[in-house]
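J.: Below is a structure I'd like to ask you about.
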Amino acid sequence: MQIVTSVAAMQRLARQWQRRGACISLVPTMGYLHEGHLSLVRVARRHAGKEGKVVVSIYVNPTQFGPKEDFIRYPRDLKRDLKLCRAEGVDVVFAPGDKEMYPIGASRRDDRTARRAVPTFSTHVVEGNLSKAMEGASRPTHFRGVTTVVAKLFNIVLPDTAVFGAKDWQQAAIIKRMVCDLNFPVKIIVAPTLRETDGLAMSSRNKYLIGNLRKQAVVLWRAIQKARATVKKSSKPIPATQLKTDLKKFIEREPAARLDYVEFFEPDTLSPVSKVTRGTHMALAVFVGKTRLIDNARL
Ligand code: AMP
């Protein structure tokens, strides 16, 4: 397995592979890998084939974190990640540093006291519709950071296919939209959410769940199951507002849980629905203590 940290070296390698006709499959991650990530790697291998190349990118992208979010303390363990990738038969881990992804020019003296670094980066990719609700409403600059870094990764790794997790349903929908709108020659594959045995969706942020917060975090999955059961036993569609009120009460019975949002929508268009039936998609974000967790599922 090769470890590549420079953009130029990664592009050179990808071009070589392309010339030889090898299929390239990319799994973009922020590292601190868990079984959910590794399941995406297996899907990528199936798509790339034995002769193809699987690239896992590991980069905690600063531009998708808000100023008050957990960028600094986001868990990182590159050594362990490399070991896991090697065991999965990954061909290349692309792990660039911040300066490689977002170059900073020479520092400039702006006034008598402060030296300020001049960013040489000023182009962003913005999806203007699907990015507005849910995660976009709670984290206003998040998706701009995601689409920009994913577009960069596509231009660096030159993948034929890229695998994303259904765990971040809205993100996957936005990436598919971007690829279609901007004609990226990349096929987007969305792989299912992997869960712990008690239903908690695997996430690098689960590391923050100390003591009894870990148990309380299962409330996201229990809320999905409750909504599913409600929809299943009702003979007619259920008003979304009513279900939202009931679920908020249900979730906040856990002492450390605070609902950020719960939304019901069409799975492909993300259009909110006012009546919930089987097949409606549900997504929610909940603070468990200070940790913000998300989950989603089809009802
Ligand atoms: P992250 O490192 O959290 O940015 O996630 C990288 C990729 O892994 C994204 O496409 C996520 O949707 C996906 N992912 C994260 N958690 C899971 C999970 N529990 N099951 C499947 N895919 C996941």
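The values are calculated or read from the model by the stated rules, or taken from the named source; none is laboratory data. Quick caveat, the model's predicted, so the values are computed rather than measured. Virtual Cβ from ideal backbone geometry, glycine too; neighbours counted across all protein chains shown. Accessible surface areas use protein heavy atoms only, side chains included; no ligands, DNA or RNA. Shrake-Rupley method; radii C 1.70, N 1.55, O 1.52, S 1.80 Å.
J.: For residues in region 143-159 being open to solvent by 20 Å² or more (accessible area, probe 1.4 Å) and in a helix (DSSP H, G or I), which is farthest from Lys132 (Cα to Cα)?
T.: Selected residue: Asn155.
J.: Could you list all residues from region 19-55 that are of a type outside the set (Gly, Ala, Ser), open to solvent by 30 Å² or more (accessible area, probe 1.4 Å), away from the ligand (no atom under 11 Å from the Cβ) and not in a helix (DSSP H, G or I)?
T.: Matches in region 19-55: Arg20, Cys23, Lys50, Glu51, Lys53.
J.: Still on this structure, I have one more. Need the failing condition index for Ala162 against (1) surrounded by 19 or more Cβ atoms within 10 Å (Cβ to Cβ); (2) more than 13 Å from the ligand (Cβ to nearest atom), just the number.
T.: (2)
J.: Among the residues that make up region 210-219, is at least one of them farther than 17 Å from Pro28 by Cβ, more than 12 Å from the ligand (Cβ to nearest atom) and open to solvent by less than 10 Å² (accessible area, probe 1.4 Å)? Give the steps one after another, and end with the answer.
T.: Of region 210-219, the ones farther than 17 Å from Pro28 by Cβ are 210-219.
Going one step further and asking which of them are more than 12 Å from the ligand (Cβ to nearest atom), we end up with 210-219.
In the following step, the residues that additionally are open to solvent by less than 10 Å² (accessible area, probe 1.4 Å) were identified as 217, 219.
The answer is yes, given that some residue of region 210-219 is farther than 17 Å from Pro28 by Cβ, more than 12 Å from the ligand (Cβ to nearest atom) and open to solvent by less than 10 Å² (accessible area, probe 1.4 Å).
J.: While we're on this one: Considering each of Ser203, Ser271, Ser235 in turn, give the residue that is modelled with pLDDT under 95 and open to solvent by 20 Å² or more (accessible area, probe 1.4 Å). Reasoning before the result, please.
T.: On the way: Ser203 fails: modelled with pLDDT under 95; Ser271 fails: modelled with pLDDT under 95.
On inspection, the qualifying residue turns out to be Ser235.
J.: All but one of (1) in a helix (DSSP H, G or I); (2) over 24 Å from Ala48 (Cα atoms); (3) charged (D, E, K, R) hold for Lys176; which doesn't?
T.: (2)
Conditions (1) touching a helix residue (DSSP H, G or I) at 6+ places or on another chain (Cβ under 8 Å); (2) more than 16 Å from the ligand (Cβ to nearest atom), marked per residue:
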| residue | (1), (2) |
| --- | --- |
| Ile188 | yes, no |
| Met202 | yes, no |
| Lys232 | no, yes |
| Lys275 | yes, yes |
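J.: Looking at region 220-230 only, could you name the residues that are more than 16 Å from the ligand (Cβ to nearest atom) and of a type in the set (A, V, I, L, M, F, W, C)?
T.: Initial filter on region 220-230 (more than 16 Å from the ligand (Cβ to nearest atom)): 222-223, 225-230.
Once the filter is applied, which keeps residues that are more than 16 Å from the ligand (Cβ to nearest atom) and of a type in the set (A, V, I, L, M, F, W, C), region 220-230 yields Ala223, Ala227, Ala229.
J.: Within region 245-272, can you find the residues that are of a type outside the set (Ser, Thr, Tyr) and over 25 Å from Ile174 (Cβ atoms)? Lay out the reasoning, then the answer.
T.: Our first condition is that a residue be of a type outside the set (Ser, Thr, Tyr); within region 245-272, this holds for 246-260, 262-268, 270, 272.
Residues satisfying the conditions are Asp246, Lys248, Lys249, Phe250, Ile251, Glu252, Arg253, Glu254, Pro255, Ala256, Ala257, Arg258.
J.: If you don't mind, another one. Any residue in region 228-256 that's at negative phi: show its pairings with residues that are of a type in the set (Ser, Thr, Tyr) and modelled with pLDDT of 95 or more at Cβ separation under 6 Å, as long as the two are six or more apart or on different chains.
T.: So the pair list comes out as Pro237/Thr277; Ala240/Ser274.
J.: Kindly evaluate Thr197 against the criterion of being on the phi < 0 side of the Ramachandran plot, more than 10 Å from the ligand (Cβ to nearest atom) and open to solvent by 40 Å² or more (accessible area, probe 1.4 Å).
T.: Details: on the phi < 0 side of the Ramachandran plot: yes; more than 10 Å from the ligand (Cβ to nearest atom): yes; open to solvent by 40 Å² or more (accessible area, probe 1.4 Å): yes.
Criteria met by Thr197.
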